[in-house]
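Each reported figure results from applying straightforward, stated rules to the coordinates on display, with no laboratory input. All values reported here derive from a predicted model rather than from experimental measurement. Cβ: placed from backbone, ideal geometry, glycine included. Neighbour counts: every protein chain shown.
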Amino acid sequence: MNSRFVRIVPTLTILGAVMLVALLGAGCAGQSESESEEDQGAIEGTSDSGGEPVLMLGRSVMWGWFKHWGWDGAVESLPIGKSGYSLTYGEMQEPPAIADSAMEFMDEAPEGSIVFFKFCFVDFHGGEDSTFEDQKQWVEQVADKAEERDQLLIVGNALPKTDSETDAALVAEHERFNEWLEDFASERDGKVWVYDFYGVLADSGGAIKESYASAPDDPHPNDEAYSELDPSLFDLLDEVAR
């Protein structure tokens, strides 16, 4: 494994880590404060230098996914080896710097590797055309960078919020983004794939299923939700890696 690929994950100071947890009540900024040691899940084979390299770019939801796989939160423990893949977490900045920070990580990842890019649930506001236009531009920038680096790109679709945070405008925004993303991926000549968070996590009303939310007022996926996401993720990675 290219050592530079591991070092791209930012190291947190003790103060930074405390601030990170404090911010989570407002959105997607790292580890979910509702997460307990019991909810972290287990990993099949811990840190592993072998396997297909995959750069997983996100914020608190992605952090939680790595914790579900058994990551201890230390940069030195990356990459995580699971199902034949070496998974490295890269924590992006919030919009509007999200694409720029993603592309910095991508520049450090090996050419030809797989990159997973996703927005967080707080990046969708409901009914704001400017948000949608920005999201399209950021996805296009990341896809162009992946093509430049000969990397294979997976883009996650919208993450649902809790029932109390979900209304018709938000559902319409999620659906519009998801439809656009499918069309965009189909135009990229087999270099961009879509990972369907929404199809797994959302209920019939467009909110995160109650059993998958960390709390009634916290849309971070819980361990049960991550367990439901795992099979489709690794099936998609197998498809992309072929």
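Evaluating 6.51 cos²θ - 1.76 cosθ + 1.60 at θ = phi - 60° for every residue in segment 105-111, the Karplus couplings come out as 4, 5, 5, 8, 7, x, 4 Hz, glycine and proline recorded as x. Remark: the S164-S77 segment gains 27.6 nm on full extension, using 0.36 nm per residue and subtracting the alpha carbon distance. Within segment 95-187, the GluC sites (Glu not before Pro) that combine a DSSP coil assignment with at most 14 other C-beta atoms in a 10 angstrom radius are E111, E128, E187. Evaluating 6.51 cos²θ - 1.76 cosθ + 1.60 at θ = phi - 60° for every residue in segment 203-208, the Karplus couplings come out as 8, 5, x, x, 9, 5 Hz, glycine and proline recorded as x. Among R242, R149, the order by Cβ neighbours within 10 angstrom, fewest to most, reads R242, R149. Along segment 117-127 the Karplus relation, 6.51 cos²θ - 1.76 cosθ + 1.60 evaluated at θ = phi - 60°, assigns HN-Hα couplings of 10, 8, 8, 9, 5, 6, 7, 10, 10, x, x Hz to successive residues, with x for each Gly and Pro.
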